[in-house]
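Nothing in this text is a laboratory measurement; each read-out follows from the coordinates by a stated rule. Quantities reported herein were computed from a predicted structural model and do not represent experimental measurements. Neighbour counts run over all protein chains shown; Cβ positions are idealised from the backbone, glycine included.
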Amino acid sequence: MFTETRMVDPIFQSANYHIARKLLDAAALRQEALAANIANAETPGYRRLDINPDFADQLKASAGTGNLAQTVGLQPKLVEDSRARTVRPDGNSVEIDHELLAMNRNSVEYEFLTEVVSRNIKQLKLAITGRSFG
């Protein structure tokens, strides 16, 4: 039991695991924003949405200090993208090509982060049961 506990603790205390989980949350939320942006590409006055840029800065700061407790309450939020320029006379700021490329990039990041988190969970299962799961 003692060795199992010692094996389990580092898995969920790992900075990589915590950061990957937060980035996974952000990638899922970004996918929603990208879908909304694409759906509203022809909506007059629609302003592009994205993850609040402060989220990345706060996550970097937390990771830099090594204080994982700071990441607990940190959640990504959708905001209007203030950097997006208006691309149509009606005020819409969605560039469909940009959104499609961002969606592809986000999908790749999401898959990678899912693998990182899954690997940590598989390690936990191994620590608990002593057996590997395929």
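Tabulate in residue order the Karplus-calculated ³J(HN,Hα) for the range 40-48, using 6.51 cos²θ - 1.76 cosθ + 1.60 with θ = phi - 60°, rounded to whole Hz; enter x for Gly and Pro.
For the range 40-48, the Karplus curve yields 9, 4, 10, 7, x, x, 5, 10, 4 Hz.
Taking the range 36-124, which GluC sites (Glu not before Pro) meet the DSSP loop condition and have no more than 12 other C-beta atoms within 10 Å?
Taking the range 36-124 and a limit of 12 other Cβ atoms within 10 Å, the loop GluC sites (Glu not before Pro) found are 42.
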